[in-house]
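The values are calculated or read from the model by the stated rules, or taken from the named source; none is laboratory data. Everything numeric here is computed off the predicted structure, so don't read it as measured data. Because the Cβ atoms are built from the backbone with ideal geometry, glycine has one as well, and the counts that use them run over all protein chains shown. Areas reflect the complete protein model, heavy atoms only, side chains present, ligands, DNA and RNA absent. Shrake-Rupley method; radii C 1.70, N 1.55, O 1.52, S 1.80 Å.
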Amino acid sequence: MYSLTSLYVIFFINYGLYFVNACPNEREEPIHDEAKLHKDLLCAYSSDDRPVKDYKNSITVKVRIALKYISFDSLEETFTMHSWMALSWKDEYLKWTPSDYGGIKEIQIESHQLWTPRLALFNADASLYQSDSFYTICTVNYDGVVTCVPPVAHTGICRTSLRRWPYDDQNCTLFFGSWMHTGEQVNFTFYQKQPVVVDDYQNGPGWNLMKVLNERLPGQYSCCPNSTYPMLKYTFIMKREAAGPAAIVVVPSIAIVILTLISLVLDVKDNTRLFMVCFSLFGHFTFLSEIGYDIPKHSSDTPIILLFVRDSMLVTLAAIVVTLLLMSLRRRALAPPTWIVSVNRLVSSGPGKYVVFTEFDPYEVTEVKTLSDEGDGINGIEEKGRAAAEWIQFANLLNSVIFIVAVIVYLVLIISYIPRDY
């Protein structure tokens with residue numbers, strides 16, 4: 001009796017649920033042509049298997065990217081491409097006769113219901129999960145041609161080259177292909193027309209896109225002579241927006257050069273020149289520590305601007321040593337060697353006198369002559385005056401030569417090491 005009662009209860013519950021869940025007549029399952037076509041196409045359709053009737057046939061997948069935005073992190077050496085990637089192929093199980101379905105020639109189907117090619121980025125950043133599948137709505141043509149345009153973002157590794165920083169160009173390359181299939185199963189290739197579209201592209205922060213190159217690599221390797229693994233190669237050539245870094249780095253580099261050269265022109269009679277050249281050396285250290293925060297640390301080569309600051313620092317250090325030497329020479333009163341006197345006479349009597357841009361201070365010689373009139377030993381004091389004049393003249397000559405050498409050295413350094421915006 002208890003079992004019979006339970007059966008009656010279950011029957012009435014199911015009977016009531018039937019009427020509750022039953023759709024009204026106007027909301028019954030659609031039977032129009034598009035719904036019927038959609039149902040017929042996906043009937044017994046498998047999205048896991050390649051859509052070919054003969055497994056020996058290859059599926060050709062045409063690829064086109066419409067660039068939207070790129071970003072490049074030179075510190076982490078990562079390159080990210082945001083794009084709409086158009087994929088088109090022919091599915092042999094998604095064909096129909098338009099006249100059987102009210103003349104419908106195209107239908108939209110969600111990608112997860114179809115077989116879709118998995119295009120993987122080979123040089124992807126391993127720290128980020130990047131799926132080779134996508135989700136979007138695809139269009140299917142009556143002849144079986146499927147076209148999907150998913151918005152995707154790919155992040156790859158890009159080694160930076162900072163030799164000409166901050167006027168550097170970067171070439172970042174992305175390699176796409178299939179992890180699962182060979183070229184005999186899924187053959188990736190480009191659209192014949194406009195494989196890369198940049199009509200709606202916007203430059204990322206700090207970089208301007210100059211050019212995009214595309215190349216299909218056949219993927220033939222000696223290890224697998226009977227199979228190919230084709231890859232699609234995209235090379236992005238970018239140029240840094242260098243106005244800001246140039247104002248911080250290049251202009252101060254020229255300023256410290258001018259400061260060092262000006263210090264070489266000053267007289268060494270007092271300590272002004274020594275103070276200025278020491279200040280220039282301090283400026284090199286300060287400048288080098290400051291640009292260390294701006295220059296990326298990771299690179300396959302060294303920025304040449306650092307080599308310029310390094311060599312300029314050595315020139316400034318040599319200028320300090322020369323300044324101390326010249327200060328010592330100007331204080332000497334002993335008779336100079338014969339060769340120094342000969343060099344002074346040769347320079348003062350020839351065209352070399354136009355090279356000497358400073359002259360010995362006549363005040364020092366006059367002071368010596370005044371002292372010679374106040375006491376005995378006039379001949380000895382006059383000899384000391386002439387000796388001091390010779391030393392001063394030789395110091396001026398040596399200073400002129402050093403200044404010219406410094407100018408030549410800096411010209412070579414500027415031509416070789418100061419980056420320029422071509």
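Number of residues in region 132-175 that are of a type in the set (F, W, Y) and assigned to a strand (DSSP E or B) equals 1. On the given criteria, is I109 among the hydrophobic types (A, V, I, L, M, F, W, C) and under 32 Å from the mean Cα position of the chain (by Cα)? Criteria not met by I109.
Answer with yes or no whether K239 is assigned to a strand (DSSP E or B), over 30 Å from V401 (Cβ atoms) and out of contact with any Ser or Thr (no Cβ under 7 Å at 6 or more places or on another chain). Taking the combined requirement at face value, the residue satisfies it. Scanning region 176-209 for residues that are part of a loop (DSSP other than H, G, I, E, B) and of a type in the set (A, V, I, L, M) yields M180, V198. Any idea how many residues of region 191-213 are of a type outside the set (V, I, T), open to solvent by 30 Å² or more (accessible area, probe 1.4 Å) and over 19 Å from the mean Cα position of the chain (by Cα)? Qualifying residue count, region 191-213: 6. The single condition among (1) under 20 Å from P230 (Cβ atoms); (2) of a type in the set (A, V, I, L, M); (3) open to solvent by 60 Å² or more (accessible area, probe 1.4 Å) that A44 does not meet is (1). Of all residues in region 277-297, at least one satisfies being over 30 Å from L397 (Cβ atoms) and touching a Ser or Thr at 6+ places or on another chain (Cβ under 7 Å). Only a single item in (1) among the β-branched types (V, I, T); (2) open to solvent by less than 40 Å² (accessible area, probe 1.4 Å); (3) within 29 Å of the chain's Cα centre (by Cα); (4) modelled with pLDDT under 90 is not met by I157, and it is number (2). Filtering F122, F134, F79 for residues that are touching a Gly at 6+ places or on another chain (Cβ under 7 Å) and either over 30 Å from I295 (Cα atoms) or surrounded by fewer than 19 Cβ atoms within 10 Å (Cβ to Cβ) (or both) leaves a single hit, F122.
When region 231-260 is filtered for residues that are closer than 30 Å to E215 by Cα and open to solvent by 50 Å² or more (accessible area, probe 1.4 Å), the ones remaining, listed by number, are K233, E241. Residue count for region 261-296, restricted to those that are of a type in the set (F, W, Y), surrounded by fewer than 15 Cβ atoms within 10 Å (Cβ to Cβ), within 34 Å of the chain's Cα centre (by Cα) and assigned to a helix (DSSP H, G or I): 2. Scanning region 53-74 turns up one or more residues that are over 18 Å from V186 (Cα atoms) and open to solvent by 70 Å² or more (accessible area, probe 1.4 Å).
When region 80-115 is filtered for residues that are among the aliphatic types (A, V, I, L, M) and in contact with a strand residue (DSSP E or B) (Cβ under 8 Å, 6 or more places away or on another chain), the ones remaining, listed by number, are M81, M85, A86, L87, L94, I107, I109, L114.
Is it the case that region 88-105 has a residue that's under 22 Å from N208 (Cα atoms) and either in contact (Cβ under 8 Å) with a residue 12 or more places away in the chain or surrounded by 14 or more Cβ atoms within 10 Å (Cβ to Cβ) (or both)? No, region 88-105 has no match at all.
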